[in-house]
1. What are the radius of gyration and Dmax of the range 178-223, computed over its Cα atoms and given in Å?
2. I want to make sure I understand the PRE zone here: with the label point 7 angstrom from the Cα of Glu132 toward its beta carbon, which residues in the range 175-205 have backbone N atoms less than 17 Å away?
3. I need the fraction of alpha carbon pairs in the range 76-154 separated by more than 20 Å, rounded to a whole percent.
4. Looking at the P(r) of the range 34-91, how many percent of alpha-carbon pairs lie beyond 16 Å?
5. Mind checking the log10 I(q)/I(0) for the range 122-216 at q = 0.14 Å⁻¹? Debye, one equal scatterer per Cα, no solvent, two decimals.
6. Using the structure shown, list the pairs from Lys36/Lys197; Lys36/Lys125; Lys48/Lys197; Lys62/Lys213 with a Cα-Cα distance above 24 Å, or answer none.
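Read-outs throughout are calculated quantities, based only on the coordinates presented, and are distinct from any laboratory measurement. Small disclaimer: the values here were computed from a predicted structure and weren't measured. Cβ sites come from the backbone with ideal geometry, for glycine too, and all protein chains shown count toward neighbours.
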Amino acid sequence: MNITARMGVVVMTVAALGLGVAQEARSNGVTPFTRKAYEAAGGAASGKGVVLISANWARRWKCGAFQNAQLQSLGFDRAGTGKSGSEPVDLLLEDDSLLPASARFVNFAFIVEPGEYLFSSYRIKAAKSLSEVGAFASDRGTLITDDVSKAGSFRVSAGEVVYVGHFAVDCASAPMPWRFYPQDRAAFQSYLSGVAKEIGGLPVDRATFRLFKTEILGTDFELPE
């Protein structure tokens, strides 16, 4: 059984491409990080955690059997919430634009309740031609069983600032999400410096490298000392 079958991929066909004008990230049940929001919550003493995550919404050309594929959303649910059906995920990153995104990772930071967060949904648009466009998608109904995600999870404690990974579409077989990461401390520090310039007030000096744990969307890795 291949990876995508284990994850419960659903393939849908739509008639044609539409046109969008903006790409954005949304969150449900968490707060996008700003200096004001963090200070209002009480900062490091608030009992909240901060999650750093990056996503690449750009199209990948010649992706397996497809002309191109594009990651459009990633969703995570906090373990123990018992969510089901169509309830909004706790943390959602989403690209609403159907126009090609720039080929770069976009950095996000969220103030979250401490706990374990389960990978609970994703959507990848895949096109065989301009008129033959569909999607690889999965939700909590196929990814989560007994409060465990087949795809993986990450953990954040109160007062922590945790980096969990860079996510993009992978084309080794059928299009699927994949987790990437800086491979040494110098690269990680460079990433943190860039995020700090983009997001004012982010306490990157306390950031911990703690990758999203998964057996099918990436390999285990820890920064060398």
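1. Spelled out, the Cα radius of gyration and Dmax of the range 178-223 are 11.9, 34 Å.
2. Residues passing the 17 Å test: 175.
3. Roughly 43 percent, once rounded to a whole number.
4. I get 67 percent for the Cα pairs in the range 34-91 exceeding 16 Å.
5. Log10 of I(q)/I(0), two decimals: -0.72.
6. Correct reply: Lys36/Lys125; Lys62/Lys213.
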